[in-house]
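Just below is one structure, and these are the notes that go with it.
All of the numbers you see were taken from the coordinates with simple rules; none came from a lab. Computed from a prediction, not measured in an experiment: that's the story for all the values here. Cβ placement follows ideal geometry from the backbone for every residue including glycine, while neighbour counts extend to all protein chains displayed.
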Amino acid sequence: MFYLLDLLGTLAFAISGVLTAMNKKMDPFGVFVIAFVTAVGGGTLRDVLIGRTPVGWMLDLNYVYTIIASFILAVIFRKKLEKLRKSLFLFDTIGLGVFTLIGLEKGLDTNLHPIICIALGTMTACFGGVIRDILCNDIPVIFRKEVYATICILGGTVFFALLELNLPINIVYLLTPAVIIIARLLAVYYKLSLPSLERK
Amino acid sequence: MFYLLDLLGTLAFAISGVLTAMNKKMDPFGVFVIAFVTAVGGGTLRDVLIGRTPVGWMLDLNYVYTIIASFILAVIFRKKLEKLRKSLFLFDTIGLGVFTLIGLEKGLDTNLHPIICIALGTMTACFGGVIRDILCNDIPVIFRKEVYATICILGGTVFFALLELNLPINIVYLLTPAVIIIARLLAVYYKLSLPSLERK
Amino acid sequence: MFYLLDLLGTLAFAISGVLTAMNKKMDPFGVFVIAFVTAVGGGTLRDVLIGRTPVGWMLDLNYVYTIIASFILAVIFRKKLEKLRKSLFLFDTIGLGVFTLIGLEKGLDTNLHPIICIALGTMTACFGGVIRDILCNDIPVIFRKEVYATICILGGTVFFALLELNLPINIVYLLTPAVIIIARLLAVYYKLSLPSLERK
């Protein structure tokens, strides 16, 4: 079930990449690469930094197939995706929760400090979008106005707080993405965003 | 002979980096770094993602010497490079073929799935240029109008088709770059390019 | 003492990241990430390329704490940092010397050729700034007009020259950053910079 949610998140991230790349008038190869890095770029960066190589998607082809399918679907239905906006937003939010949890888990597996694990969770969920924006020659959107990353950090903190309480690991694994998903839905509902730091 | 073609491709890629960087009015250090990443950036990314570290150019100094020589030659003869345009295009095309083959080979060595090997071949040949464009603050040219990458994917597919036919490995190693080189020459001759995907 | 200078350099690099990011009107998360990559991006790239993973800052939390402290201090005192310009420039220059030395040392540890070690020293000291500029959507400043990197290459060359002279290692470790620091102070004092390479 967890694995399916992971692939659902991959699908949503890949489609968001397709949409961004098409807005930049890229050719099919460019659109595919952007879809790819949006979906697995965060996890790839995490794997490289902790030394888990070959990186994840090279060993589990299901991610690659999911991205290829997302690419084809998004290109074919590109004029109708607007109508799926709500579903896509929901899948994207599920991806945010699941990807953060996967990053936290890999950090624990590698015996890293909780602070580093939280950084890895946030990286897994958010840095695919950062790489997408760099390849599209934009300043990463999560550096400017999104609470996206802050919610992942919150989720990571909740994760370690729950572990401290000695809750069963299954419960912790369910609650962490749930907290992230609920926090993001609330943030979007109440239009929360971080203020920019300027030197007036 | 194969190794010499590899260094010839490195030379052509490095010179293309020098030209791009000079158009951006960079200083000599910037020009050198851009030449360097254009030439070995794709292979470096590949090595990092599959975990072959220290990466290739750190262990075989001939790449570094070739790039230093290309840098010096390109800077000295910068006003005359226009006349060498055809030779440079030929070397660049040889590089495309040889680099793709090297990427395919490293993927096989690491026991990765054919799809991943093809991705590694394409990455080796094309992503030096992607890193060059990012460092120069441009949207990567191969995402917009080049058939460059598509030809590498074609070459990789041919490679595995030939392996399936149980052709001797030497023949496969000769035919794969040949197919890529011919496909590119044809593509440029007939001015082929991929259409951009837009949401009208 | 050496370790303290390293953290002082980290502090100066992080603060320079905070200032750059605030000029781009980023939100606190963006400012923090930019501070982080400016401070440890060069060393992270080095560690990834030579295969020392998990990368340095994941194993020694003092870098993370230093960056968090720099971030908080720089944000709180953001309107008064102008007055500390000279101190910050000094810390930054110390960082340049110490970071280069650390890169040289890791290269030697990994049994790499002196040319590669010098590249690693320069990368450690200078490429945090390169990653910062890419994330901020600028052409890296050290590719355009800074002698910054050239001084690191000079420092690396001096390092191996001193080793050739069979000087005690402690003396070499003291002289190398000293040469870099003095060279930079002189370069800034005499307003040296590299000419840009243009094709007239």
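For region C:14-46 and region B:105-156, what is the centre-to-centre distance using only Cα atoms, to the nearest Å?
Spelled out, the Cα-based centre of one part sits 29 Å from the other.
So how do A:Leu61, C:Leu7 line up by other beta-carbon neighbours within 10 Å, fewest first?
Fewest-to-most Cβ neighbours within 10 Å comes out as A:Leu61, C:Leu7.
For A:Asn111, place a label point 7 Å from Cα along the Cα-to-Cβ direction in every copy; what are the distances to the other copies, in nm, shortest first?
2.5, 2.5
When a footprinting reagent is the concern and you count Cβ atoms within 10 Å, what order do B:Phe32, A:Phe13, B:Phe89 take, fewest first? Mind showing how you got there, number by number?
Values: B:Phe32 25, A:Phe13 29, B:Phe89 15.
Sorted ascending by nearby Cβ count, the order is B:Phe89, B:Phe32, A:Phe13.
Once the label point is set 7 Å along the Cα-to-beta-carbon vector, what list of distances in nm do you get between C:Leu165 and its counterparts in the other copies?
Taking the point 7 Å beyond Cα along Cα→Cβ, the inter-copy spacings are 6.5, 6.5 nm.
Out of all Cα-Cα pairs in the protein assembly as shown, roughly what percent, to the nearest whole number, are more than 35 Å apart?
Cα-Cα pairs of the protein assembly as shown separated by over 35 Å account for 39 percent.
Using only Cα positions of region A:2-189, each an equal point scatterer, no hydration layer, compute I(q)/I(0) via Debye at q = 0.11 Å⁻¹ and quote the log10 values to two decimals.
-0.45
Provide the per-residue ³J(HN,Hα) series for region A:54-60, in order, calculated from phi with Karplus coefficients 6.51, -1.76, 1.60 and θ = phi - 60°, each as a whole number of Hz, with x at glycine and proline positions.
Along region A:54-60, the couplings run x, 4, x, 5, 6, 9, 10 Hz.
Filter chain A for me: DSSP H helices, axial length by Cα at least 24 angstrom, mean Kyte-Doolittle hydropathy not below 0.0. List them by residue number.
Details: long enough: A:2-23 (32 Å, 1.50); A:28-50 (32 Å, 1.61); A:85-109 (36 Å, 0.71); A:114-135 (30 Å, 1.61); A:148-164 (25 Å, 1.72); A:169-189 (30 Å, 2.04).
Helix filter hits for chain A: A:2-23, A:28-50, A:85-109, A:114-135, A:148-164, A:169-189.
For every other residue with a beta carbon closer than 11 angstrom to the beta carbon of C:Met123, add +1 if it is Lys or Arg and -1 if Asp or Glu, then tell me the sum.
+1
At B:Lys191, with labels set 7 Å past Cα in the Cβ direction, how many nm apart are the copies from this one, shortest first?
5.0, 5.0
Using Cα-Cα distances under 8 Å and only pairs 6 or more residues apart, what relative contact order does chain B have, in percent?
23 percent
In whole Å, what three semi-axes, largest first, describe the equivalent ellipsoid of region A:71-139 built from its Cα gyration tensor (square root of 5 times each eigenvalue)?
The three semi-axes for region A:71-139 are 30, 15, 9 Å.
Give the order of A:Thr150, B:Thr38, B:Thr157 when sorted by the count of other beta carbons within 10 angstrom, beginning with the fewest.
On the way: A:Thr150 21, B:Thr38 30, B:Thr157 16.
The most exposed by this proxy come first: B:Thr157, A:Thr150, B:Thr38.
For chain B, what does -39500 (n - 2.57) per DSSP helix run (n ≥ 4), summed and divided by total residues, give at 222 nm, in deg cm²/dmol to the nearest 500?
-25500 deg cm²/dmol
I'd like the projected area of region B:1-106, averaged over all directions, using the convex hull of its alpha carbons. Report it in nm² with one decimal.
So the mean shadow area of the Cα hull is 6.6 nm².
Which pairs, out of A:Lys25/A:Lys86; A:Lys25/A:Lys79; C:Lys145/C:Lys191, put more than 22 Å between their alpha-carbon atoms?
From the list (A:Lys25/A:Lys86; A:Lys25/A:Lys79; C:Lys145/C:Lys191), the Cα-Cα distance tops 22 Å for A:Lys25/A:Lys86.
Would you work out the charge dipole size for chain B about its Cα centre, treating the Cβ of every Lys and Arg as +1 and the Cβ of every Asp and Glu as -1, and quote it to the nearest 20 debye? Walk me through the numbers before you get to the answer.
Values: 18 positive and 13 negative charges, 174 e Å.
Roughly 840 debye, rounded to the nearest 20.
Around C:Thr100, what is the net charge, scoring Lys/Arg as +1 and Asp/Glu as -1 over all other residues with Cβ under 12 Å from its Cβ?
Local charge sum for C:Thr100: +1.
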